[in-house]
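Note sheet for the following structure.
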Amino acid sequence: MRESRQSLLADHVDMRMVAANTDEATADRNTIVQLDPDHPGFRDQEYRARRNRIAQIALAYQPGQPIPDAPYTSEEHQVWRTIWAALLPAHRRHACQEYRTCVERLAFDTDQIPQLREVSEKVQAISGFHLEPVAGLIEPRVFLESLAAGVFLCTQYIRHYSTPLYTPEPDVAHEIIGHAVTLASEPLAELNQLFGEAVKRTTLPEALDRLSRVYWFTIEFGVLRENGTVKAYGTGLLSSAGELEAMHKAELRPLDLDAASRQEYDPTHYQPTLFCADSFEAMSQMLHDYLVSW
């Protein structure tokens, strides 16, 4: 069981399992951030204390309330600047046009971490989706089903300053630069909502696993051709400069959602296999039809 839990916690994108040990009392989860000993911030007590304070925001949050601001430090804002310094040129080379248009719409400050409340207001004005804070990793069905209601459950903490270009879990940089930007696209927001609705209609674990793989190879790690060049639309790619560079070394297969639903993947390495659509429009239509008929 312990080995299984560790493998799930290593998956920082679609297997959002509960970070705290489920055998512990709820009160303990409210006071202790459970980090793996290999986590870059494990021995940094100040970082862990600040994550506890940020986790408390989510634990106390009631849907519909304004999202309280997270207490970021100057050191953490520097992490955000470092991430953007790597991503801006990578986006120019590797991001699809739809994504770059959405970045312009949201007009993020690349010098400091935007507060979730501000990002949610901007996204909601465009697509109707809004963001709600969560304390850490959550059960995948809860995460995916929330999409059906136009809600994206979002972490607020940022990765440790010692590894600004790496995170073993979804942090606010992945959530905002990846997911929030794509949710400012009406077509991509609709596909996210259709994923949530499909998950709600899914009862068998094997079927949910297949659907989560489709999510992985499209919403998280999808690529497409644009003017003869392979571009990224997946959030796991778009929030990582390393993934964007590595995607051109991957084996590209034509977008086949049945094949994607059975394709194995390792979330701890750059993806060796990606499914490539002929265009943004072709991807949108194929995925729309697949999810509606699921």
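The values are calculated or read from the model by the stated rules, or taken from the named source; none is laboratory data. All values reported here derive from a predicted model rather than from experimental measurement. As a convention, Cβ positions derive from the backbone with ideal geometry for all residues, glycine included, and neighbour counts pool all protein chains shown. Areas reflect the complete protein model, heavy atoms only, side chains present, ligands, DNA and RNA absent. Shrake-Rupley method; radii C 1.70, N 1.55, O 1.52, S 1.80 Å.
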Ignoring ligands, DNA and RNA, what accessible area per residue does the stretch 90-223 give at 1.4 Å, in Å²?
35
Residue-level accessible surface for ASP209, protein heavy atoms, 1.4 Å, Å²
70
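Counting only DSSP beta bridges with both residues in the chain, what percent are antiparallel, rounded to the nearest 5?
25
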Compute the Cα gyration tensor for the chain, then decide on rounded, prolate or oblate, letting a ≥ b ≥ c be the square roots of its eigenvalues: rounded whenever a/c is under 1.5, prolate when a/b is larger than b/c in the other cases, and oblate in all that remain.
rounded
Can you tell me which lysines have their Cα less than 25 Å from the Cα of LYS249? Leave out same-chain residues fewer than eight positions away.
LYS231
Need one value: the accessible area of ASP278 in square angstrom, 1.4 angstrom probe, rounded to the nearest 10.
130
Can you sort LEU191, LEU208 by solvent-accessible area, 1.4 Å probe, largest first?
LEU208, LEU191
If I take the Cα coordinates of the stretch 179-294 and project them onto the principal axes, what are the three extents in Å, biggest first?
37, 29, 25
Does the stretch 27-127 classify as rounded, prolate or oblate by the C-alpha gyration tensor (a ≥ b ≥ c root eigenvalues; a/c under 1.5 gives rounded; else a/b over b/c gives prolate, otherwise oblate)?
oblate
Taking all protein chains together and a probe of 1.4 Å, list ARG51, ARG262 from the most accessible to the least accessible.
ARG262, ARG51
Stretched out fully, how many nm does the piece from ARG253 to GLU46 gain, at 0.36 nm a residue minus the Cα gap?
70.0 nm
Pop a pseudo-label 7 angstrom from the Cα along the beta-carbon direction at both ALA246 and GLN56 and give the gap in nm to one decimal.
3.7
Taking the Cα centre as origin and putting +1 on Lys and Arg beta-carbons and -1 on Asp and Glu beta-carbons, what dipole magnitude results for the chain, to the nearest 20 debye?
220
Rounded to the nearest 500, what is the 222 nm mean residue ellipticity of the chain from helices alone, with -39500 (n - 2.57) per DSSP H run of 4+ residues and division by all residues?
-13500 deg cm²/dmol
Have a look at the DSSP beta bridges in the stretch 145-287 and tell me what percent are antiparallel, nearest 5.
40
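For the stretch 158-201, give the magnitude of the charge dipole about the Cα centre (Cβ charges: +1 Lys/Arg, -1 Asp/Glu; no others), in debye to the nearest 20. Intermediate values should be presented prior to the final figure.
On the way: 3 positive and 6 negative charges, 24 e Å.
Magnitude of the dipole: close to 120 debye.
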Apply the a/c threshold of 1.5 to the C-alpha gyration tensor of the stretch 37-83 and tell me whether it is rounded, prolate or oblate.
oblate
